[in-house]
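The values are calculated or read from the model by the stated rules, or taken from the named source; none is laboratory data. Please read these numbers as outputs of a predicted model, since none were measured by experiment. No Cβ is skipped: glycine too gets one built from the backbone with ideal geometry, and neighbour counts run over all protein chains shown. Keep in mind that these areas ignore ligands, DNA and RNA; they rest on the heavy atoms of the full protein, side chains included. Shrake-Rupley method; radii C 1.70, N 1.55, O 1.52, S 1.80 Å.
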Amino acid sequence: MILMESNKLRWGLCYAIFISLTLSSLVRDLGVSAEGVNPREAKQLRDEVREMFYHAFDGYMNNAFPLDELRPLSCQGEDTLGGYALTLIDSLDTLALLGDRERFTSSVQWIGKNLQFNINKTVSVFETTIRVLGGLLSAHLIASDYATGMRIPSYDNELLVLAEDLARRMLPAFDTPTGIPYGSVNLMYGVDEHESKITSTAGGGTLTLEFGVLSRLTNDPVFEQVAKNAVRGLWARRSTLDLVGAHINVFTGEWTQKDAGIGTSIDSFYEYLLKAYILFGDEEYLYIFQEAYGSAMHHLHKDPWYVEVNMDSGAIVWPVFNSLQAFWPGLQVLAGDVDPAIRTHTAFFSVWKRYGFTPEGFNLATLSVQYGQKSYPLRPELIESTYWLYKATRDPRYLDAGRDFVASLQYGAKCPCGYCHITDVELHKQEDHMESFFLAETVKYLWLLFDLAVDSDNLVDNGPYKYIFSTEGHLLPLTPQISLAREHCSYFGGYCPRNATKFEQSNDDHQVPEIELGHHSNIYPYHESFPVTGLIKGLCPRLSHAQKYGLSYVLPEKTEREDVKRPKPVITSRSIVLVSDQTVEKRPQEEGFTSESEPIMSISGGGSSSDQTGQELTLLESETDDKRVYSS
């Protein structure tokens, strides 16, 4: 009790200082005499970022390839993950985004001919999934689709074959009593008997997108199932405050580190809950996200900052901003909670303005760099959130922030063959290392930011599909094959929501034959939460644009056939409440976006005729600390 009171008093003092820091930063920003970024300068900055990418990419290809990563000061290479050309794989969809058909084609062809995973290497399940598996899947989806404009005529699914082989080699990591995977696995021999049983929450909960997409592309449910079971294993062990800790024993399910936060070791667990719902339409992810997000905003949010607390008591244990928290405003934009995202981004960016980079840790009590966390390893998270906020608001201050990012990287991190880690943000001391995510994420989000200000004529903002970015920045499209895999209706080759069939009325006695959907009707035959249609008689109605790309979730019209009933979802995780048909008022636009903004991703709603009885899933409620139970 004394400790809790001490923490409260300490936080009261810290919080007053936080406000002072933020306000002073705002005053400094208002006093800057530099003009805002105009369209002409935005185009110049976009071209400069393109040159930044090629300076680093060419440096890697000329000096480090086929090793994993570049040492940009000494112009050498090093194997850091598995020894399989990591940086090239991580860069594939950035090459496609930049429209570099020649480099993209040659890179895909080289990987298809030379890459193999039958190697005696112990690798991180998390890093291998988000960097390698995600990179292969994203590039496959681009190279195999005419609609992307980057299809390779000679391509024959080589990257998909490699992705499936890699994922199967990681499956032994999931063989645990909790379903939460080991942190590492040997690609040839499986899990070593001496492998640590401790893993991070992010490590176990950030696999759903890549493994889920692989299942949709291969019609093998095992990948999606093990990834979802890992999420369930983590969420089932949450505290009574609906918080999760940082590290857990995958055998006993006991938390070995009970610090709850939105940064290190937990960050992308939250991210993949929302993104898995958007990409796959699985309501279970949405309900977990709603509870997890509401609890985080209630217990971790000290406007505009976020702290770490004990997952059981909620007592503050760590008043530190760490750089991985900077993804959070971008996630909030995706969820439609823009106002707190703006305030938090302003606070986080004030740290960048102070040092020219964001240190790994910034102590909110002392207002100084956290001891031992002075480095900036070229992280993309703050730039990513800047892109999403500009996309939501079109506020030119985010272009100004982008200009600052470019200046810092060009004058502080650029080195002979690429861009260097900064070991000390106060001294701007360089280190001879460049992470592959610099090319996969950092320059990608910077380029997209300025391209959006010019003409946004790119694959993401003006392409054939809506895209979800993985936590490594890889592009995963909301195609029917991925987003409507369980909704496939082979009658006339259409895609439609389950049971959204219209019985074809006819005056004659001609009877529409029953169509058996074959393997498409039940590609997840033993997964309890995956309802499927089975036999369908009739026609699939035309889908709206939003439904086609999975941007809306609305229950289908009631069928005229009494014998076709909607399967009831099975709930296996506590505190998740699924609902039946209901009518909900649409939330006013201004709650999620400013008057000048355009929706980034329509999670709730979806148009249909006014007389249709449907259900609208509202992603965020105004009182996020309340438990929401919807009923019919």
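Quick notes
- Spherically averaged projected area of segment 395-452 from its Cα convex hull (nm²): 4.4
- Equivalent ellipsoid semi-axes - Cα gyration tensor, segment 163-310, angstrom: 26, 19, 11
- For TYR285, net neighbour charge (Lys/Arg +1, Asp/Glu -1) across residues whose Cβ lies under 9 Å away: -1
- Rounded, prolate or oblate (a/c below 1.5 giving rounded, otherwise prolate when a/b exceeds b/c) for segment 273-402 by Cα gyration tensor: oblate
- If R0 is taken as 51 Å, the Cβ-Cβ distance between TRP110 and ARG343 corresponds to a FRET efficiency of 0.65.
- Relative contact order of segment 65-218, defined on C-alpha pairs under 8 angstrom at six or more residues apart (%): 21
- A straight line joining the Cα centroids of segment 242-307 and segment 161-205 runs 21 Å.
- Put simply, when 195-201, 129-135 are sorted by average Cβ atoms within 10 angstrom per residue, most first, you get 129-135, 195-201.
- Over 18 Å between alpha carbons, listed pairs LYS43/LYS353; LYS228/LYS258; LYS374/LYS429; LYS275/LYS466; LYS391/LYS444; LYS121/LYS444: LYS43/LYS353; LYS228/LYS258; LYS121/LYS444
- Global form of segment 57-128, assessed from the alpha-carbon gyration tensor, a/c cut-off 1.5: oblate
- DSSP-loop chymotrypsin sites (Phe, Trp or Tyr not before Pro) across segment 202-277, with at most 16 other Cβ within 10 angstrom: PHE251
- For the set VAL161, VAL125, VAL226, the ranking by accessible area, highest first and with no ligand, DNA or RNA atoms included, is VAL161, VAL226, VAL125 under a 1.4 Å probe.
- Here the simple spin-label model places points 7 Å from the Cα toward Cβ, and for VAL161 and SER196 these points are separated by 3.7 nm.
- Segment 302-366: radius of gyration over Cα atoms, expressed as a fraction of 2.2 N^0.38 Å: 1.14
- Rounded accessible area of THR393 (nearest 10 Å², 1.4 Å probe): 10
- Kirkwood Rh (inverse of mean 1/r, distinct Cα pairs), segment 145-220, angstrom: 14.4
- For segment 63-202, Kirkwood radius (reciprocal of mean inverse C-alpha pair distance, Å): 16.0
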